[in-house]
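K.L.:
Structure below; questions to follow.
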Amino acid sequence: MPESPPTLRVLFARSTLAVAGALLTTASAILFIVFYAMETAGRFHSNPYSGLIIVVLLPALFVLGLLLIPLGLYLAIRRSRRGPLAEPAWPILDLNRTRVRHGLLALLLLTVVNVVILSIGSYGAIEHMDSPSFCGQTCHVPMQPQFEAWQHGPHANVACVECHIGSGAGAFVKYKWNGVHQAVGVLTGRFPRPIPAPVRNLRPAAEICSPCHSTFKGHGERPVVVHEYADDAAGTETATNLTVHLTRGVPAPLPGGGQHWPKGSGIHWHADTGNRIEYASDEKREQILWIKVTTPEGGTREYTAEGADPAAIGKAERRVMDCVDCHNQPVHQFPVSAARTVDQAIASGRLQRDLPFVRREAVRLLGTEAPTQEEGLEAIAAGLRAFYAPGGGASAEAAGRSGAGAPADPAAVDRAVTAVQAIYRRSVYPSMKVTFGTYRNFLGHDDNLGCMRCHDQSHAMADGTVLPSDCDLCHTEP
């Protein structure tokens, strides 16, 4: 006579794997409850890795433990067989026995608890992985430049996923799968330095921008003052006053309904979807080879860049112009040059001109090449303090002009060090090979191609008509 089938308790006691799974599940459940309560209370608010541990790692260990328990019991059942032809020794669940009923009830209650924990963990994991802190701080090295630029930009209250993922199950699956590849790249260290721009899989600007920004909002004429400073001792200022024509007048109605910015209505004429502007360019969208403009009035014009090869035009990337073709840094704004950034810091009062040649020295030291950001910051501090020390460069230049100069105020030097280091900290990331000008800003045309990618006097129609490039189309000087 074969032995009676073993009870679950006996099988469990015989399975080291099942015991290990139970211990793992119990420990991770307790830690999850404790840490989740602390996270809710704000105890881990400043830690970028707390969410990864609480709602990703601990639930994963919890599920692993749950899987080990039935696997261990199954292996114990196989070991309890008498021979190759014997029936499996499955345990008998006799509900007439009080102990079995109580055990089954306990199992059902634990199942409910497990479902609650997994539900909270799953929701928390998705929520955490959609948070800016996960995107920018958990993946610290590759995304540090973009994360810090986002924090100090005009869209700091807009979460990453609102632009990069969007709504709907399809978008969720697509971008989360893409995130798996990115995670593997971070773990293996195989990711591009710097992160390439423009972003190839970014959603269309009509989906991203239109919920908050209307194409037909009248912005009118906007006065702009551009401050520039010389490299002389006083940092002599030059101010250029411009009136930028964002929109002129009001949109015109279209015969079939809707509205339209007519020709001559300002810069945002380009953003009107009624004015369909197609173009072919290189990968960075800096060299525009071909342009086709179609307007609601029925006109179609094609412009080709001087010397452009028809074969190259055929192979080039084709796009329909939208907001991000000019506003290509609406969220992650990076300085285009050290000189421009220093001028902006002086104009805003963040860097004071109370030290001779401070503008020139700031620009020079911001070009310091260092293997780490910390070493670059130290070089800036050492360079400025050496220049303004007694007998340093500032004293020598002052002596050469008008006799011995007064020693620099130590407090003024400290302020200058802090201001220049702040610029460097926001602009240069050696670990990602990001520095001034790494990412071009296509607004304007002073420090980059910008508007001149098209309006450069070299794009013409077949009959020789050149794409207009008059300055007054976009701005006037009073």
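K.L.:
At a Förster distance of 41 Å, what's the computed FRET efficiency of residue 297 paired with residue 200, Cβ-Cβ distance as r, to 0.05?
P.N.:
Efficiency computed from Cβ-Cβ geometry: 0.75.
K.L.:
If you don't mind, another one. Using a simple charge model, +1 on the beta-carbon of Lys and Arg, -1 on the beta-carbon of Asp and Glu, nothing else, what dipole does the range 338-432 show about its Cα centre, in debye to the nearest 20?
P.N.:
320
K.L.:
Now, a different point. Roughly what would the spin-label model give for residue 216 and residue 232, points 7 Å off Cα along C-beta, in nm?
P.N.:
Result for the modelled spin labels: 5.3 nm.
K.L.:
Along the three principal axes, how long is the range 289-333 when you take its alpha carbons, biggest first, rounded to the nearest angstrom?
P.N.:
For the range 289-333, the Cα extents along the three principal axes come out at 35, 30, 16 Å.
K.L.:
A follow-up question, please. Note down the nm distance, to one decimal, between modelled labels 7 Å out along Cα→Cβ at residue 67 and at residue 284.
P.N.:
Those two pseudo-labels are separated by 4.5 nm.
K.L.:
Would you order 175, 388 from fewest to most other beta-carbon atoms within 10 Å of each residue's own beta-carbon?
P.N.:
In order of increasing Cβ crowding within 10 Å: 175, 388.
K.L.:
Which length gain, in nm to one decimal place, applies between residue 446 and residue 16 when the Cα-Cα distance is subtracted from 0.36 nm times their residue separation?
P.N.:
147.7 nm
K.L.:
Okay, moving on. Amide H to amide H under 5 Å from residue 290: which residues, 5+ apart in sequence or cross-chain, H placed 1.01 Å off N in plane?
P.N.:
It is 280, 305, by chain and number.
K.L.:
Let me know the charge dipole size of the range 405-467 about its Cα centre in debye, to the nearest 20, where only the beta-carbon of Lys, Arg (+1) and Asp, Glu (-1) is charged.
P.N.:
Rounded to the nearest 20 debye, it is 360 debye.
K.L.:
Too long at a 23 Å Cα-Cα cut-off: which of 284/315; 263/284; 217/263?
P.N.:
Correct reply: 263/284.
K.L.:
Moving to a separate point now. Could you give me D for the range 296-403, from Stokes-Einstein at 20 °C and 1.002 mPa s, where the hydrodynamic radius is the Kirkwood radius over C-alpha pairs? Units µm² s⁻¹, please.
P.N.:
Reported coefficient: 114 µm²/s.
K.L.:
Listed highest first by mean packing, meaning other Cβ atoms within 10 Å per residue, what order do 155-165, 443-453, 355-365 come in?
P.N.:
355-365, 443-453, 155-165
K.L.:
Ranked by Cβ crowding within 10 angstrom, fewest neighbours first, how are 432, 461 ordered?
P.N.:
461, 432
Read-outs: derived from the displayed coordinates by stated rules, not from any lab. The model shown is predicted, which means the values in this text are computed figures rather than measured ones. No Cβ is skipped: glycine too gets one built from the backbone with ideal geometry, and neighbour counts run over all protein chains shown.
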